[in-house]
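A.B. asks: Okay, handing you the structure first.
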Amino acid sequence: MKKLKTKPKPDKKATLTPGETAFCPLYVKFNDGTAAVRAVRPRLSAASAAVQAVVWLKRPRVQAEIARLRLLLEEKALMGAHEVETHLDALIRFNLRDYVKENGDPKEIHELTRDQAACVKELGIIETALGTSKSLKFFDKVQAIRTKMQRLGLLKDVHEVTTETYAERLKRLRGEKT
């Protein structure tokens, strides 16, 4: 008896469907499910597309593809998350004493470390009849602290809430003076 040669079946758990393939890059690009639903919408209604997106997000192969695409995106980015944190730390910790010589003149740019130079926003050279003077402008340290705190989830927006009593509201609605 002869054995028939059959093609091996592709592993459905490992390969992405065409819809999943279109969905994953959009999900990573817009970082939400609603924008990624656009990949599904030409074939399905908006409600069905939203349901399909949720179903896909639960699949391990889709999660793995999204993780892979995010990693690629971070590698291609100018700065990764770690570099951003390092730069913010340098901006927060900078000390003006590190930028001046003992006589009070600003240091030359080649005398600064890489982290110190990254904190300098502008290097100015002003020539007058009395001579040449140099100035340094730095990035906003308070803004760097605020950004770092937001990234760490330590800064929340505070909104003032005022309340009025029922009687005060009635008077206001009637146009009466309080």
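The values are calculated or read from the model by the stated rules, or taken from the named source; none is laboratory data. Just so you know, these numbers come straight off a predicted model, no measurement behind them. All Cβ positions, even for glycine, are placed from backbone atoms using ideal geometry, and neighbour counts span all protein chains on display.
A.B. asks: Do you know which of the residues in the stretch 75-96 that are assigned to a helix (DSSP H, G or I) and of a type in the set (A, V, I, L, M, F, W, C) is surrounded by the most Cβ atoms within 10 Å (Cβ to Cβ)? Quick ask: steps written out before the conclusion?
C.D. replies: First, the residues of the stretch 75-96 that are assigned to a helix (DSSP H, G or I): 75-76, 81-93, 96.
Filter once more, keeping what is of a type in the set (A, V, I, L, M, F, W, C): 81, 84, 88, 90-92, 96.
Details: 81: 10, 84: 15, 88: 18, 90: 18, 91: 20, 92: 15, 96: 9.
Looking at residues that are assigned to a helix (DSSP H, G or I) and of a type in the set (A, V, I, L, M, F, W, C), I get 91.
A.B. asks: Among the residues of the stretch 68-110, which ones are of a type in the set (D, E, K, R) and farther than 19 Å from residue 139 by Cα?
C.D. replies: Of all residues in the stretch 68-110, those of a type in the set (D, E, K, R) come to 68, 70, 74-76, 83, 85, 89, 93, 97-98, 101-102, 105, 107-108.
Those that are of a type in the set (D, E, K, R) and farther than 19 Å from residue 139 by Cα: 68, 70, 74, 75, 76, 101, 102, 105.
A.B. asks: Within the stretch 84-105, how many residues are out of contact with any helix residue (DSSP H, G or I) (no Cβ under 9 Å at 6 or more places or on another chain) and of a type in the set (D, E, K, R)? Can you show your working first?
C.D. replies: Step one: filter the stretch 84-105 for residues out of contact with any helix residue (DSSP H, G or I) (no Cβ under 9 Å at 6 or more places or on another chain), giving 95-97, 100, 102-105.
Now restrict to residues that are of a type in the set (D, E, K, R): 97, 102, 105.
Residues meeting the conditions: 3.
A.B. asks: What residue, of 121, 141, 107, 134, is in the same structural domain as residue 93 (by TED's automatic domain parsing) and in contact with a Pro (Cβ under 7 Å, 6 or more places away or on another chain)? Walk me through it before giving the result.
C.D. replies: Numbers: 121 fails: in contact with a Pro (Cβ under 7 Å, 6 or more places away or on another chain); 141 fails: in contact with a Pro (Cβ under 7 Å, 6 or more places away or on another chain); 107 fails: in contact with a Pro (Cβ under 7 Å, 6 or more places away or on another chain).
Selected residue: 134, the only one of 121, 141, 107, 134 that is in the same structural domain as residue 93 (by TED's automatic domain parsing) and in contact with a Pro (Cβ under 7 Å, 6 or more places away or on another chain).
A.B. asks: Moving on to the next point. Look at the stretch 57-96 and say how many of its residues are more than 23 Å from the chain's Cα centre (by Cα) and either modelled with pLDDT under 85 or more than 21 Å from residue 144 (Cα to Cα) (or both).
C.D. replies: So the count comes out to 4.
A.B. asks: Of all residues in the stretch 97-134, count the ones that are within 19 Å of residue 148 (Cβ to Cβ) and assigned to a loop (DSSP other than H, G, I, E, B).
C.D. replies: Looking only at that region, the number is 1.
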